[in-house]
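The values are calculated or read from the model by the stated rules, or taken from the named source; none is laboratory data. Keep in mind the model is a prediction, meaning the values are calculated, not measured. Glycine gets a Cβ as well: all are built from the backbone with ideal geometry, and neighbour counts include every protein chain shown. All accessible areas refer to the heavy atoms of the entire protein, side chains included, with ligands and DNA or RNA removed. Shrake-Rupley method; radii C 1.70, N 1.55, O 1.52, S 1.80 Å.
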Amino acid sequence: MTVPSIGLGTYRLKGQVLTDSVHNALDLGYRVFDTAQIYDNEADLGAALDSGNVPREELFLTTKVWISNFHHDDLLASLRESLRKLRTDHVDLALIHWPSPNDEVPMREYLGALAEAKAQGLTRAIGISNFTIDLTRQAIDILGADAIATNQIEVHPYLQNRALIAYLREQGIHVTAFMSLAYGAVLKDPVIQAIAEKHQATTAQVALAWALQQGYAVIPSSTRRENLAGNLKAAALRLDDEDMAKIATLDRGERVANPEIAPAWD
């Protein structure tokens, strides 16, 4: 299964703000939408997509299972609840949002349940998120690399996650990058700004194009129509080798998403 290259992330979007963002996105041509149980917006997203009048078969929906739902029966029940909220009979991709903290629920249990969800038709594909090299290796031992559609991880010019991405590429596991703009921090970077000026592009387009040219999928969020449109155009921006080399120097291991439940990072 191919994970689409660009979609709309919905982290922190709820209610009318989410509805307006989704309707603008649909109008501009977005068909890929990423949510999660912990975002508490699956119902809002489902309603917005339902009223957007785009056929379900044209959409690609991702949700992520939260750590409180990792026991076998809970995981399956929670995914069915996600489907109810999203007003669909399946998602296209279901991910484990974070590995179980301190292995409280054995990985074999929750990944086995996720594989069962796929077998039952609740999701077309399954994957992982925020898994380190070691945790990904364990997941491969349980599921096989071919069964893991993606590892959704934080990647942006300030956190380029090279060791993990090299391992994922070796295993043939696709990378989905979140926090691509690092909450806007990289948009103010002088190097990014200079490259944007050179290409008559926005800084957001440069940051997204940098990720896309390396083969990552991206899921930036925005509430402004002009930014949604601009982000979508990042796929057409081609950075040259000099641009890519300059951005490569910006890596400083600056992680934005690092909650208490996070694993020991690579």
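Observations on the model:
- Identity of the residue in segment 215-238, touching a residue at least 24 places away in the same chain (Cβ under 8 Å) and open to solvent by 80 Å² or more (accessible area, probe 1.4 Å), that ends up farthest from residue 161 (Cα to Cα): 225
- Test result for residue 100, of a type in the set (S, T, N, Q), under 19 Å from residue 153 (Cα atoms) and either modelled with pLDDT under 95 or surrounded by fewer than 23 Cβ atoms within 10 Å (Cβ to Cβ) (or both): yes
- Residue identified as open to solvent by 20 Å² or more (accessible area, probe 1.4 Å), closer than 26 Å to residue 175 by Cβ and acidic (Asp, Glu) among 58, 81: 58
- Scan of segment 207-229 for residues that are part of a strand (DSSP E or B) and over 21 Å from residue 243 (Cα atoms), ordered by number: none
- The conditions of being modelled with pLDDT of 95 or more, open to solvent by less than 50 Å² (accessible area, probe 1.4 Å) and either outside any helix (DSSP H, G or I) or hydrophobic (A, V, I, L, M, F, W, C) (or both) are not met by residue 264.
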